[in-house]
1. Among Leu54, Leu69, what's the order by accessible area (1.4 angstrom probe), most exposed first?
2. Can you tell me which lysines have their Cα less than 25 Å from the Cα of Lys109? Leave out same-chain residues fewer than eight positions away.
3. Quickly rank 13-22, 71-80, 31-40 as a protection proxy: mean count of other C-beta atoms within 10 Å, highest first.
4. What FRET efficiency, computed as 1/(1 + (r/R0)^6) with R0 = 35 Å and r the Cβ-Cβ distance, is obtained for Lys104 and Gln27, rounded to the nearest 0.05?
5. At 0.36 nm per residue, and after removing the present C-alpha to C-alpha distance, how many nm does the segment from Ser51 to Thr83 gain when stretched out fully?
6. Calculate the FRET efficiency for Thr44 and Thr160 from the Cβ-Cβ distance with a Förster distance of 35 Å, rounded to the nearest 0.05.
7. R0 = 45 Å: FRET efficiency of Lys64 with Trp184, Cβ-based, nearest 0.05?
8. Can you work out ³J(HN,Hα) from phi for every residue in the stretch 175-192, in order, using Karplus 6.51 cos²θ - 1.76 cosθ + 1.60 and θ = phi - 60°, giving whole Hz and x for Gly and Pro?
Amino acid sequence: AINAGTATITVKTSNGKTANVKVTVPQVKAKEITYPNIKNQAYTGSKIKPSLTLKYGSTKLKEKTDYTLKYENNKKTGKATITVTFKGNYTGTKKIYFYIVPEKVIISKATSSAKKTLTVNYKKTTGSATGYQISYRIKGSDKWITTTSTTLNKKISKLTSGKTYQVRVRAYKTVNKTKYYGAWSNTKTVNVK
């Protein structure tokens, strides 16, 4: 079979007898296609259209020939939808979801200017984050302690003097009571007074 459809095979014998057989090759259904998992996408302010690789077995499908795509809610932070509509040798539709999250936070500085405290300052992300999650730990420890802030700096107190701490920050945005978290910033190291 090369394509979906119906064909008639006619057999004719030497003495003039004939027989017809109708052969039908069905379209491949949407549920038989394999779909990629789309990673979280960072907010850009523009519509985001992640690339997709759809396969039927080892056959890679071609956009516009085998399917079309429709993107929805793919600009603002939150849950975005791709509707795949199949055509030609394939039939049905499939919805694929991905998440747009705040962009990665950049820490401008992390210091310890007072005893047993550290202060971390970070830059505002585009896309109006609801707040920021800050994690810190003593360097070498496996346990991160997490707190939040709605401002662009956070003072953390009651730390252990003379210890080296690591700190990182990520932005989040609340949409319909769900928090969407961006990627963690690079980790900064601070020697606490």
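The values are calculated or read from the model by the stated rules, or taken from the named source; none is laboratory data. Not measured: the values here are computed from a predicted model. Virtual Cβ from ideal backbone geometry, glycine too; neighbours counted across all protein chains shown. For the accessible areas, the whole protein counts, side chains as well, though only heavy atoms, and no ligand, DNA or RNA atoms are used. Shrake-Rupley method; radii C 1.70, N 1.55, O 1.52, S 1.80 Å.
1. Result, largest first: Leu69, Leu54.
2. Partners found: Lys123, Lys124, Lys139, Lys143, Lys154, Lys155, Lys158, Lys163, Lys173, Lys188, Lys193.
3. In decreasing order of mean packing, 13-22, 71-80, 31-40 become 71-80, 31-40, 13-22.
4. Result of the calculation: an efficiency of 0.25.
5. Taking Ser51 through Thr83 to full extension adds about 10.2 nm, to one decimal.
6. Efficiency for this residue pair is about 0.30.
7. About 0.75, to the nearest 0.05.
8. For the stretch 175-192, the Karplus-derived couplings read 10, 6, 6, 10, 8, 10, 9, x, 6, 5, 5, 5, 7, 10, 10, 10, 8, 7 Hz, x marking Gly and Pro.
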